[in-house]
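These notes concern the structure reproduced below.
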Amino acid sequence: MTKRRPAPFRGRHFEDVIILLCVRWYLRYSLTYRDLEEMMTERNLSVDHVTIWRWVQHYAPVLNQRICREMRHPNRSWRVDETYIKVAGNWAYLYRAADSAGETIEFMLSPKRDLIATKLFLRLALYGAGPRPRVINVLNAHQSALVLRTLVVFSAPASPIFADQCSATDGPDIATLGESSRALQC
């Protein structure tokens, strides 16, 4: 009794697990097609590098389409904060943005706390995937001047962004909102 294969893998010589493994490794890690061919040879699978190239060309757009459906969509009310943390023995500034539901939008580590780092962080957060924020709450009074000056530069007149300075008592602490602070403690 033969098992029916999923539609995208019908007519393929190799198992769907092997195909997805090769495509995922190629997309995730800095491997060449010949590296993957050698890795499959070590696992007693004879796969040509051109075959792996064909798999990547065929399945990468399909994987991208399916992953985009599963990705989170942050809301338009953001909280921006910065903190000073120790990472691998060195002190660094952690800039982070989270939406009001607690989903991390963006984070960035910087050795310096200056206008350049703030602009770079806001560029990453504002021009990343997803909708632009309607409101940005600034949780740290020390950075509010830098953030507000930077927001004036980056906000488009067609879609203004309202910035509000608030204290941590106005809502949940941003450290409890996202996973970035726990993930970066080394």
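The values are calculated or read from the model by the stated rules, or taken from the named source; none is laboratory data. Quantities reported herein were computed from a predicted structural model and do not represent experimental measurements. Neighbour counts run over all protein chains shown; Cβ positions are idealised from the backbone, glycine included.
Here are some notes:
- Inspection of the stretch 36-49 identifies no residue that is under 21 Å from residue 67 (Cβ atoms) and of a type in the set (Val, Ile, Thr).
- Test for residue 87: is it within 30 Å of residue 138 (Cα to Cα) and either out of contact with any helix residue (DSSP H, G or I) (no Cβ under 9 Å at 6 or more places or on another chain) or not assigned by TED's automatic domain parsing to the domain that holds residue 122 (or both): yes
- Residue 78, sole failed condition from (1) in contact with a helix residue (DSSP H, G or I) (Cβ under 7 Å, 6 or more places away or on another chain); (2) surrounded by 10 or more Cβ atoms within 10 Å (Cβ to Cβ): (1)
- Residue within the stretch 85-100 that is more than 21 Å from the chain's Cα centre (by Cα), over 30 Å from residue 125 (Cα atoms) and assigned to a loop (DSSP other than H, G, I, E, B) present: no
- Residue in the stretch 102-121 that is part of a loop (DSSP other than H, G, I, E, B) and in contact (Cβ under 8 Å) with a residue 60 or more places away in the chain present: yes
- Among helices (runs of 4 or more DSSP H) entirely within the stretch 1-81, having at least 2 residues that are modelled with pLDDT of 90 or more, out of contact with any strand residue (DSSP E or B) (no Cβ under 6 Å at 6 or more places or on another chain) and closer than 30 Å to residue 104 by Cβ singles out 16-28, 49-70.
- Restricting 124, 139 to residues that are modelled with pLDDT under 90, hydrophobic (A, V, I, L, M, F, W, C) and touching a Lys or Arg at 6+ places or on another chain (Cβ under 6 Å) narrows the list to 139.
So that you can scan it fast, the table gives a plain yes or no per residue for (1) loosely packed, with under 14 Cβ neighbours inside 10 Å; (2) under 27 Å from the mean Cα position of the chain (by Cα); (3) free of Cβ contacts under 8 Å to residues at least 24 places away in the same chain:
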| position | (1), (2), (3) |
| --- | --- |
| 7 | yes, no, yes |
| 25 | no, yes, yes |
| 29 | yes, yes, yes |
| 35 | no, yes, yes |
| 52 | no, yes, no |
| 57 | yes, yes, yes |
| 64 | yes, yes, yes |
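- Residue within the stretch 123-139 that is surrounded by 15 or more Cβ atoms within 10 Å (Cβ to Cβ), among the β-branched types (Val, Ile, Thr) and closer than 26 Å to residue 25 by Cβ present: no
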